[in-house]
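The values are calculated or read from the model by the stated rules, or taken from the named source; none is laboratory data. This is a predicted model, so every value here is computed, not measured. Heads up, the Cβs are rebuilt from the backbone with ideal geometry, glycines too, and the neighbour counts pull from every protein chain shown. Ligands, DNA and RNA are excluded from the accessible area calculation, which covers all protein heavy atoms including side chains. Shrake-Rupley method; radii C 1.70, N 1.55, O 1.52, S 1.80 Å.
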Amino acid sequence: MLTGKHVVLGVTGGIAAYKACEVVSRLRKLHAEVDVIMTENATKLVQPLTFETLSYRPVCVDTFSRTESWDVKHISLAQKADVMVVAPATANIMAKMAHGIADDMLSTTLLATKAPVLIAPAMNTGMWTAPATQQNLQILRDRGVKTVGPGSGFLACGDSGDGRMSEPVDIVEAICAILCPKRDLEGLKVLVTAGPTVERIDPVRYLTNDSSGKMGYALAQAAQERGADVTLLTGPVHIPVPQGVKAVPVTSTMSLYNAMMEHCEQQDIIVQAAAPADYRVDNPADQKIKKQDGEALVLTLVENPDIAKAVGERKRPGQILVGFAAETQNVLANAQKKLSKKNLDLIVANDVTAEGAGFGVDTNIVTLVTADGTTALPKMSKHDVADRIWDKALELRRG
């Protein structure tokens, strides 16, 4: 129940505006107080009276409308909101939010609020995938704005693809997650590894991989939000460490191995999302290697220790070990092989060549593999994937 919680819902001029009616209805059934702000374009798709009937409150459209009591509505609503939600969130409102434009009631309130903000994007596939929209989305995410969706499917314009607004039940679930966050990892110590490793060739060159660390950092943040005591072993990445997470920087695979051996035994759950190198250079040069007048440069590579296997060999009773299998072929077969070979309880398998999955993007498409079977997840944000992984790890821990 959301008794005593205040939701301010912004409805913009996307065709999915009709779905926002169900969002209000579901929130009211959970006893939330709901105020609706509509843009002028939204009123051409759904009448304000509909939202007033569902919310039991007047709808705000015009920043300068006169009311019986004196208050500055965009400020008063911004201040009393426990969460602000925009559904549908068009490309236009996302651009305004990203760049601080406040030219109507909704955008002004969004700029003024200190409350958490959740958006449910909805637009044509071309608009959603446009570089400008994706850049605006990244700006908003970097500021802490949360997203739900979009999904993929048949769109009102006749196209089929990404851009379909999430269903009302999913939007309300995301609102509840913000207002009543899970604390089911309280009392547990968890360790997450993230990012690439660096294997030196000489003082100015190295071997590495394409891991951005985004999946591991999403796992660390989600665990912290759910109450865990989180240790993050992180390779060199360009992501701020989530608040409340203890970060231990590592560089090479050997330094990751040593840090893991130091920390692994105290942990209740370990999730290894880093991408350590399988090989390192034998005897890296002390000085910069110069060109050899056309002669080939030969590097001798030696195998690094298998960190996941080493942790599996030290696994204590009740400890849950989660690994990742980033593959380019035979994804499930390779993942299932790793599951038993490395004494893991759960392995997260994904095809890093698939669009919307793998390195450097904010979404992922994974399959959760355990000894009892597999669960394929649709494309979703890495934070949502992280929550599903923690859900599964807790399920395995409880038996």
In segment 265-299, which residues are under 39 Å from the mean Cα position of the chain (by Cα) and among the β-branched types (Val, Ile, Thr)?
269, 270, 271, 281
Here is a list: 298, 311. Which entry is among the β-branched types (Val, Ile, Thr) and under 18 Å from residue 230 (Cβ atoms)?
311
When you go through (1) touching a Leu at 6+ places or on another chain (Cβ under 9 Å); (2) at pLDDT 95 or above one by one for residue 365, which number turns out not to apply?
(2)
Residue ID - most open to solvent (accessible area, probe 1.4 Å), chosen from residues in segment 74-92 that are part of a helix (DSSP H, G or I) and out of contact with any helix residue (DSSP H, G or I) (no Cβ under 7 Å at 6 or more places or on another chain):
79
Those residues of segment 362-399 which are open to solvent by 50 Å² or more (accessible area, probe 1.4 Å), of a type in the set (Ser, Thr, Tyr) and within 21 Å of residue 177 (Cβ to Cβ) amount to 375
